[in-house]
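Heads up, the thing below is written out as structure tokens.
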Amino acid sequence: MEKKTEDRSPTSRAVVTGCGSFVPSKLLTNDDLARMVDTSDEWITTRTGIKTRHITNDGESTAHLAAEAAKRALQYAGLTADDLDLITVATITPEMVFPSTACFVQQILGAQRAWAFDIAAACSGFVYSLHLVHQLIANGRVDNALVIGAETLTKITNWKDRTSCILFGDGAGAVVLQRKQDAGRGILYSTVGADGNFWEALNCQAHGSRNPVSRPLDNPDKVFMQIKGREVYQQAVRRIVDAVTDCLEHCHLTLDDIAMVISHQMNARIIESAAKRLNLPDEKVFINIQNYGNTSAASVPIAFDECVRQGRVKRGDLVIFVAFGAGVTWGANVIEF
Ligand code: UT7
């Protein structure tokens, strides 16, 4: 079921006023992985585009990464933690089962006025969050929000499974969304969707109510993330193409109007294949998966932050964010930065 929202009121736009990202310093290269499982730099590079990824140490957790990205986004926006009304964290690797990771971020930042909650939509979590927080801002319930995507997927990675362990990395990205009166820019449109029939394509089955910790798992590997890569691959290309096409058609835009399409970084081949079908020129497709691997909900805001800091996206540019992930879920946002 797909839901769409257009902001028709120029007086209540949710404007992106800041961005920031943070990744742990420890690196895991393809050659490192080739010493752990039967794989090679050549296979990983050719099939995924990934060369290296950043991974957390034991002492580093999702809230830690999220808070560091948040501080950078706040600094960019010229706000302090006291200015925040709301903090959301999109994550499937939360600090713990509860409380929410967003509450830990609120504590670290000292954002005493902010309410806080997590959003679980896997790799689409950040795109979902922008759609949701935009509604709260447009309705006048929130003025200043911190929207974060943060993951430590390597904590649920099966390092013996070569089909999945080569794919993922850790990191966090954040944007500040502010209600601005009469601002021409902001979040212009969002499209989001889900299809739970495909839950088995990507999942982590342990620690929930279906497989409680009080009962031994029928398969010990269920404690880790499990993926059916080929199944995901085919759907991902189609959903990304459809979501971007929806954005262009609904907003009466052409590719000439768009400065950059920033896709969730799940596999360079998936992004390139979708871009080809959309006739997107290379310079309008941002790919940084070679440095980070797949960071799930963090990948779009990390990529956006890099684009902005490299000057590839400037104030006033139109940008499309697009994502696809477990659930399955998908979505896209059109943003005038
Ligand atoms: O963000 C959402 C989460 N991301 C995903 O779910 C990933 C989406 N899928 C993908 O990125 C790709 O499907 C993969 C990178 C996971 C796999 O690439 P592929 O081109 O779809 O390969 P494949 O699964 O069809 O496997 C081809 C071969 C198989 O061997 P056989 O059966 O042809 O003999 C695999 O066993 O490659 C083998 N293989 C590997 N070989 C070396 C699988 N993983 C590896 C590996 N190193 N790490």
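Just name the residue that is surrounded by the fewest Cβ atoms within 10 Å (Cβ to Cβ) out of those in segment 1-47 that are part of a strand (DSSP E or B), modelled with pLDDT of 95 or more and hydroxyl-bearing (S, T, Y).
For segment 1-47, the residue satisfying everything is T29.
For V313, indicate whether it is outside the structural domain of G125 (by TED's automatic domain parsing) and either under 20 Å from T45 (Cβ atoms) or part of a strand (DSSP E or B) (or both).
No.
For V97, all conditions in the list (1) crowded, with 19+ Cβ neighbours inside 10 Å; (2) β-branched (V, I, T); (3) not in a helix (DSSP H, G or I) hold save one; what is the number of the exception?
Evaluating V97 over (1) crowded, with 19+ Cβ neighbours inside 10 Å; (2) β-branched (V, I, T); (3) not in a helix (DSSP H, G or I) leaves (1) as the failure.
Within segment 133-156, count every residue that is within 21 Å of A121 (Cα to Cα) and either within 17 Å of the chain's Cα centre (by Cα) or surrounded by fewer than 21 Cβ atoms within 10 Å (Cβ to Cβ) (or both).
Count: 16.
Which of the numbered conditions does I50 fail, given that it passes all the others? Conditions: (1) part of a helix (DSSP H, G or I); (2) of a type outside the set (S, T, Y); (3) within 14 Å of the ligand (Cβ to nearest atom); (4) in contact (Cβ under 8 Å) with a residue 60 or more places away in the chain.
Condition (1) is where I50 drops out.
Report yes if V308 is within 20 Å of the chain's Cα centre (by Cα), more than 16 Å from the ligand (Cβ to nearest atom), in a loop (DSSP other than H, G, I, E, B) and not assigned by TED's automatic domain parsing to the domain that holds R47, otherwise no.
Against the criterion (within 20 Å of the chain's Cα centre (by Cα), more than 16 Å from the ligand (Cβ to nearest atom), in a loop (DSSP other than H, G, I, E, B) and not assigned by TED's automatic domain parsing to the domain that holds R47), V308 does not qualify.
Please go through segment 254-272 and give me each residue that is buried (at least 17 other Cβ atoms within 10 Å of the Cβ) and either more than 16 Å from the ligand (Cβ to nearest atom) or among the hydroxyl-bearing types (S, T, Y) (or both), ordered by number.
Within segment 254-272, I258, A259, M260, V261, S263 meet the criteria.
The values are calculated or read from the model by the stated rules, or taken from the named source; none is laboratory data. This structure is a prediction, so every number in the text was calculated from the model and none was measured. We place every Cβ from the backbone using ideal geometry, glycine too, and count neighbours over all the protein chains shown.
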